[in-house]
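These notes are about the structure you will find just below.
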Amino acid sequence: MKRIAKALLNYFVKGLLIVVPLGVAIFLIYWAVSRIDNALNLSTALWTDNKGRPIYIPGLGIVNVVLIILIAGVLVTNVITEPIKAWFNRWLDRLPLFKFLYSSVKDLTEAFVGEEKKFNEPVLVDVNEFGLKKIGFLVKRDLSKIGLPGDVAVYFPYSYSFAGQVVIISADKVHPLDVSAADAMKFMISGGVSGLD
């Protein structure tokens, strides 16, 4: 009887290790997609049935987001010129709070998916004389503009989070890592349990 209970517990734990991450990932994707779809779905405002009740078309909000992103990409690539960009930047300067939010989100987005990805150079940093080391991403090689020649800026992501911390440290304590940026990020975000297999 003990052997059967142990085998069942073992099967349960192994099933748990598969079902929980899969379920959480599916739930988070479903939650994000449904929130975006509900927020940007205009079908109830545009269409009604023959009794005057609004018609909800599932997925129309997501289609709206994809179309907006594609149209914005086409416009920025082919239509928007430097004078328009300069005008937009002058307009942003008049709204400091909006400018702060816009530029922060823009920089973060560009760091992951822009043409010049920022988190593409994983490094190992000697933290103290006792041998403590941390993995991060080199984000600035030259800090002489702020009076710190010989120092670099390293970003350390937090585990299980999109947040992180930027640290200024002497360049001689920073060593390049021979792993891909994606593997290093996965290793840090997962708390060290995956990414370097």
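Starting from 0.36 nm per residue, how many nanometres of slack lie between V76 and F156 once their C-alpha separation is accounted for?
Here the segment from V76 to F156 would lengthen by 25.6 nm.
Using a 1.4 Å probe over the heavy atoms of the protein chains, calculate the carbon and sulfur portion of the accessible area of region 7-134 as a whole percent. The partial results should precede the final answer.
Details: 7530 of 10510 Å².
After summing per-atom areas, the C and S share lands at 72 percent.
Quick one: which residues, 5+ away or cross-chain, put their amide H under 5 Å from the amide H of K140? H built at 1.01 Å from N.
A153
Putting +1 on Lys and Arg Cβ atoms and -1 on Asp and Glu Cβ atoms, find which of I135, V33, W47 reaches farthest to the positive end of the dipole of the chain.
W47
How much accessible area per residue does the chain have, in Å², with a 1.4 Å probe?
Numbers: 15350 Å² over 197 residues.
Counting only protein heavy atoms, the per-residue value for the chain is 78 Å².
GNM on the chain, C-alpha springs below 10 Å: top fluctuator among V19, V65, V123?
V19
Could you list the residues of region 140-163 with an amide nitrogen less than 19 Å from a label point located 7 Å from the Cα of A181 in the Cα-to-C-beta direction?
140-143, 152-159, 161-163
Could you order the peptides 170-179, 51-60, 184-193 from most to least packed, using the average number of other C-beta atoms within 10 Å per residue? Present the calculation step by step, with values, prior to reporting the outcome.
Details: 170-179: 13.4, 51-60: 10.7, 184-193: 16.4.
Most protected by this proxy first, the peptides run 184-193, 170-179, 51-60.
Dipole magnitude of the chain about its Cα centre, charges +1 at Lys/Arg Cβ and -1 at Asp/Glu Cβ only, in debye to the nearest 20? It would help to have the intermediate numbers written out before the result.
Working: 21 positive and 17 negative charges, 176 e Å.
That gives the chain a dipole magnitude of about 840 debye.
Tell me the label only: which of (i) 8, 31, 29, 18, 8, 3, 2, 1, 0; (ii) 7, 18, 24, 24, 16, 7, 3, 1; (iii) 8, 30, 34, 20, 7, 1, 0 is P(r) over Cα pairs in 10 Å bins from 0, in percent as calculated from this structure?
Here the calculated entry is (ii).
Based on the Kirkwood radius over alpha-carbon pairs, what value in µm²/s does the Stokes-Einstein equation return for the translational diffusion coefficient of region 142-197 at 37 °C and 0.692 mPa s?
Numbers: Rh = 12.6 Å.
D = 261 µm²/s.
Select from S194, L92, T81 the residue farthest towards the positive end of the dipole of the chain; place +1 on Cβ of Lys and Arg, -1 on Cβ of Asp and Glu, and compute about the Cα centre.
Ranked along the dipole, the leading option is S194.
As a check on your grasp of the helix formula, calculate [θ] at 222 nm for the chain: sum -39500 (n - 2.57) over DSSP H runs of n ≥ 4, divide by the residue count, round to the nearest 500. Please report the intermediate quantities before stating the final value.
Values: 6 runs with 101 residues, N = 197.
Roughly -17000 deg cm²/dmol at 222 nm, from the helical runs in the chain.
In the chain, if the dipole is taken from +1 on Lys/Arg beta carbons and -1 on Asp/Glu beta carbons about the Cα centre, which of G59, G147, V123 is farthest to the positive end?
The residue sitting most towards the positive pole is G59.
Residue by residue through region 8-21, what is 3J(HN,Hα) from phi via Karplus (6.51 cos²θ - 1.76 cosθ + 1.60, θ = phi - 60°)? Round to whole Hz and write x for glycine and proline.
Result, ordered by residue: 5, 5, 4, 4, 4, 5, 5, x, 4, 5, 8, 6, 5, x Hz.
The values are calculated or read from the model by the stated rules, or taken from the named source; none is laboratory data. Since the model is a prediction, treat every value here as computed from it, not as a measurement. Methodologically, a virtual Cβ is constructed for each residue, glycine included, from the backbone with ideal geometry; neighbour enumeration extends over all protein chains shown. Just the protein is used for accessible areas: all its heavy atoms, side chains included, with ligands, DNA and RNA removed. Shrake-Rupley method; radii C 1.70, N 1.55, O 1.52, S 1.80 Å.
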